[in-house]
Amino acid sequence: MTEPVLKIFDIQRFSIHDGPGIRTTVFFNGCPLHCPWCSNPESQKGRTELMHFDRKCTHCGRCFQACPNGAISFSPETGPVIDRSKCRRCGSCARVCLSDAMRMTGKEVTVEEVMATVRRDRHYYEKSSGGITVSGGEPFLQSEGLAALLKAAREEGITTAVETTGNVSAESFRKGLGLVDTWLFDLKHADPEILKEVTGGNLSLIVENLKQALREKDSQVIVRVPVIPGFNFDEKSLTGIFRLTLASGGRQVDLLPYHVLGKSKYAQLGREYAQEGEKGLDKKELIPYAAIGQRMGLNIMISGKDPAVIGG
Ligand code: SF4
Ligand code: SF4
């Protein structure tokens, strides 16, 4: 049988926010949603993307000379300016750039190639109850490859976590059942119209898959809520998400305060940042909402570096 090829855009070792303990996080390319606050916008189109890092650029002009499609204009003052409508994502500019200021994201790898990186930190997983986390993008868009990777990790005694939007067919989702120790399951809004309009998500599909994950006997499900000003950062929206979690059988919720860490990537990809001007949230601002969830019977965490005190 041919080994599945995985389309990924990054592997991060020593992650501490993607599940229990110290983890290696593998980021799969491609996403069915288009959340305007996404901190991994390079994943959204599911293909290689050209990124330009202005701060690293020495204005040497090599990329301009190398582009076979006339997609780069150049002057020593402005440096390279990319016309994305002409770019064929061939990578010639990135290959000649000596400063790593032009970079193609996204690559194809085998399960074994990923595992070669993952097993390097086995010692840390054992000490911290960590393991591998598959994130994205949406891992279940590559459900065969995802299942093969999770099985390979399990066979080596490495625990598994998957971060998912849940916005995939039930059939694709089933390929991961029985292979995941910790589910990090995103639930962004409980109003199907708002969810659809802002992210393109299908709430009934998401809830159906959340219930599938929650029926798993030997795994933990953490419902993760990115809390976004202007979208769900209000009592009505968050209470709706808490209710939906409880109705689906969930008990554990992790609130993720909005941050702007991915903002610079939009400029590097030549895209507009839709949340321009919006400040990140302090986790203290979420405490009153967490307290509401606690009173409703949920176990609420607020992710972040500082401990949050959640009052009753
Ligand atoms: S990726 Fe290819 S087509 Fe696009 S700007 Fe670079 S050299 Fe030109
Ligand atoms: S080759 Fe690299 S450093 Fe030179 S102008 Fe292009 S992006 Fe900048």
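For this structure, a couple of remarks:
- Close pairs from the range 152-178: first within 27 Å of Cys35 (Cβ to Cβ), partner of a type in the set (Gly, Ala, Ser) and surrounded by fewer than 18 Cβ atoms within 10 Å (Cβ to Cβ), Cβ under 9 Å, at least 6 apart: Asn167/Gly200
- Checking Val118 against (1) more than 30 Å from Phe53 (Cα to Cα); (2) surrounded by 13 or more Cβ atoms within 10 Å (Cβ to Cβ), the condition it does not meet: (1)
- Checking the stated criteria, Asp254 turns out not to satisfy the condition of being more than 25 Å from Tyr125 (Cβ to Cβ), surrounded by fewer than 23 Cβ atoms within 10 Å (Cβ to Cβ) and modelled with pLDDT of 95 or more.
- Residue selected from the range 97-129 under the condition among the aliphatic types (A, V, I, L, M) and in a loop (DSSP other than H, G, I, E, B), by the criterion farthest from Asn29 (Cα to Cα): Leu98
- Residue, farthest from Val109 (Cα to Cα), within the range 29-57, restricted to residues that are surrounded by fewer than 21 Cβ atoms within 10 Å (Cβ to Cβ) and of a type in the set (S, T, N, Q): Ser39
- Residue in the range 130-168 that is nearest to Glu42 (Cα to Cα), counting only those that are of a type in the set (A, V, I, L, M) and part of a loop (DSSP other than H, G, I, E, B): Val168
- Looking only at the range 61-96, and only at residues there that are touching a residue at least 40 places away in the same chain (Cβ under 8 Å) and not in a helix (DSSP H, G or I), the one that is farthest from ligand 1 (Cβ to nearest atom): Arg84
- Of all residues in the range 16-28, those being surrounded by fewer than 17 Cβ atoms within 10 Å (Cβ to Cβ) and either outside the structural domain of Ala148 (by TED's automatic domain parsing) or not in a loop (DSSP other than H, G, I, E, B) (or both) number 0.
- Restricting the range 97-125 to residues that are away from ligand 1 (no atom under 16 Å from the Cβ) and charged (D, E, K, R) leaves a set whose member that is farthest from Glu155 (Cα to Cα) is Glu108.
- Search result, residues across the range 86-109 that are more than 30 Å from Gly61 (Cβ to Cβ) and surrounded by fewer than 16 Cβ atoms within 10 Å (Cβ to Cβ): Glu108
- Of the candidates Lys283, Lys279, the single residue that is surrounded by fewer than 15 Cβ atoms within 10 Å (Cβ to Cβ) and farther than 27 Å from Arg103 by Cβ is Lys279.
- Subset of the range 62-85 [more than 10 Å from ligand 2 (Cβ to nearest atom) and surrounded by 12 or more Cβ atoms within 10 Å (Cβ to Cβ)]: Asn69, Ala71, Ser73, Val81, Asp83, Arg84
- Among the residues making up the range 93-125, those that are of a type in the set (D, E, K, R) and within 16 Å of ligand 2 (Cβ to nearest atom) are Arg95, Asp100, Arg103.
- Some residue of the range 214-224 being in contact with a strand residue (DSSP E or B) (Cβ under 9 Å, 6 or more places away or on another chain), part of a helix (DSSP H, G or I) and either without any contact (Cβ under 8 Å) to a residue 40 or more places away in the chain or closer than 20 Å to Glu163 by Cα (or both): yes
- If you check Gly200, Gly136, Gly157, Gly178 for being of a type outside the set (Ser, Thr, Tyr) and either within 16 Å of ligand 1 (Cβ to nearest atom) or in contact with a strand residue (DSSP E or B) (Cβ under 6 Å, 6 or more places away or on another chain) (or both), only one passes: Gly136.
Residues are listed down the side, and each one gets a yes or a no for (1) in contact with a Lys or Arg (Cβ under 7 Å, 6 or more places away or on another chain); (2) polar (S, T, N, Q):
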position: Gly21; (1), (2): no, no
position: Asn40; (1), (2): no, yes
position: Lys45; (1), (2): no, no
position: Thr48; (1), (2): yes, yes
position: Ala71; (1), (2): yes, no
position: Asp83; (1), (2): no, no
position: Lys86; (1), (2): no, no
position: Gly91; (1), (2): no, no
position: Val96; (1), (2): yes, no
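The values are calculated or read from the model by the stated rules, or taken from the named source; none is laboratory data. Bear in mind the structure is a predicted one, so any value in this text is a computation, not a measurement. Cβ coordinates were reconstructed from backbone atoms using ideal geometry, including for glycine residues, and neighbour counts include every protein chain displayed.
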